[in-house]
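Novice: This structure is in structure tokens; I'll ask about it shortly.
The values are calculated or read from the model by the stated rules, or taken from the named source; none is laboratory data. Keep in mind that this is a model prediction, so the values were computed, not measured. FYI the Cβ positions are ideal-geometry reconstructions off the backbone, even for glycines, and counts take in every protein chain you see.
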Amino acid sequence: MSRPTPADDLKSIPRHIAIIMDGNGRWAKERGQMRTSGHRKGAESVRQVVEGCSELGVEYLTLYAFSSENWKRPKVEVAALMKLLQKFLRDETPTMMQNNVRLQAIGRLHDLPEACQAELHQAVQTTATNTGMTLILALSYGGREEIIDGIKSLIESVEKGHLDKAMIDGDVFGKHLYTRYYPDPDLLIRTSGEMRLSNFLLWQVSYTEFYVTQKLWPDFGKEELREAIRAYGNRHRRFGGVA
Ligand code: FPP
């Protein structure tokens, strides 16, 4: 994909942005509403941020939409999130087509309800040949689970004689992770002020720049996205070396 030059006030655009979308519940609570209404408003932020990233020339956007641990939430909330995901996929596929966005998903996708898997498969297939931004939804995703699945896949390759144990290094291991097709994130955004990784992309964020904002996810939109990218532009990345 050809990348537009950064907008005047943005020094550089991260190639890959990953986001921990947090604070939907608190947003709803502050308004005396049900948690699910926070998630609904959160889905609007998703729409805004996907559009914003695509307009700015971000190549990959990974959104932590449902973690392995989120299955522990009350059944009604899990069901509402799954319904919302299906609605999002149905409603947004035409927009993704218009904006040339390719949809992908990472996580233990087979754990999702069948209707959700079907809708996801449909949206991924429909957008598969788009050449603009890649939107990656992390669903039933956990970083530790991904590493465990990666180790199992490595062992299988060695046992089948496809891989020599002596050849295993970070690059080889990376090829056995769900994220093998994508570069590591340059910028990780977390909303709602929490300073935790919460089992997100544990392997991939070794040299990622972190940006934490107090804004709750439903209040995060294009302007807040620009603010995060502006902060990223002022960082000095050394990857363990010297400036
Ligand atoms: C965290 O807020 C958010 C989630 C667990 C789910 C994220 C879901 C969305 C943004 C909406 C739907 C997504 C898509 C892709 C359509 P929280 O509930 O943990 O908030 P809290 O910490 O304030 O309780």
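Conditions (1) in a loop (DSSP other than H, G, I, E, B); (2) without any contact (Cβ under 8 Å) to a residue 24 or more places away in the chain; (3) acidic (Asp, Glu), marked per residue:
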| residue | (1), (2), (3) |
| --- | --- |
| CYS116 | no, no, no |
| GLU119 | no, no, yes |
| LEU135 | no, no, no |
| ALA138 | no, no, no |
| ILE147 | no, no, no |
| LEU154 | no, yes, no |
| ALA166 | no, yes, no |
| VAL172 | no, yes, no |
| THR179 | yes, no, no |
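Novice: Give me the pairs: first residue in region 25-41 and over 18 Å from ASN70 (Cβ atoms) and outside any helix (DSSP H, G or I), second residue of a type in the set (Ser, Thr, Tyr) and more than 10 Å from the ligand (Cβ to nearest atom), beta-carbon distance under 8 Å, and six or more apart or on different chains, which are they?
Specialist: From region 25-41, the pairs are ARG31/SER37.
Novice: Within the group GLY233, GLY150, which residue is over 23 Å from GLY25 (Cα atoms) and buried (at least 19 other Cβ atoms within 10 Å of the Cβ)?
Specialist: GLY150
Novice: For ALA28, indicate whether it is more than 9 Å from the ligand (Cβ to nearest atom), buried (at least 17 other Cβ atoms within 10 Å of the Cβ) and at pLDDT 95 or above. Even if it seems obvious, please write down each step before you answer.
Specialist: Details: more than 9 Å from the ligand (Cβ to nearest atom): no; buried (at least 17 other Cβ atoms within 10 Å of the Cβ): yes; at pLDDT 95 or above: yes.
Taking the combined requirement at face value, the residue does not satisfy it.
Novice: Follow-up. What are the residues in region 231-243 that are assigned to a helix (DSSP H, G or I) and touching a residue at least 60 places away in the same chain (Cβ under 8 Å), if any?
Specialist: Matches in region 231-243: TYR232, GLY233.
Novice: Follow-up question, since we're still on this one. Scan region 185-243 residue by residue and report those that are more than 14 Å from the ligand (Cβ to nearest atom), over 19 Å from VAL49 (Cβ atoms), of a type outside the set (Phe, Trp, Tyr) and more than 14 Å from the chain's Cα centre (by Cα).
Specialist: Correct list: SER206, ASN234, ARG235, HIS236, ARG237, ARG238, GLY240, GLY241, VAL242, ALA243.
Novice: Another question about this same structure. Does GLY52 satisfy being out of contact with any strand residue (DSSP E or B) (no Cβ under 6 Å at 6 or more places or on another chain) and within 11 Å of the ligand (Cβ to nearest atom)?
Specialist: So GLY52 does not fit the description; no.
Novice: Go over the candidates LEU85, LEU63, LEU81 one by one and state the one that is within 12 Å of the ligand (Cβ to nearest atom), within 17 Å of LEU120 (Cα to Cα), in contact with a strand residue (DSSP E or B) (Cβ under 8 Å, 6 or more places away or on another chain) and part of a strand (DSSP E or B).
Specialist: LEU63
Novice: In region 200-230, what residues are assigned to a loop (DSSP other than H, G, I, E, B), touching a helix residue (DSSP H, G or I) at 6+ places or on another chain (Cβ under 7 Å), more than 19 Å from ILE136 (Cα to Cα) and not β-branched (Val, Ile, Thr)?
Specialist: Residues satisfying the conditions are LYS215, LEU216.
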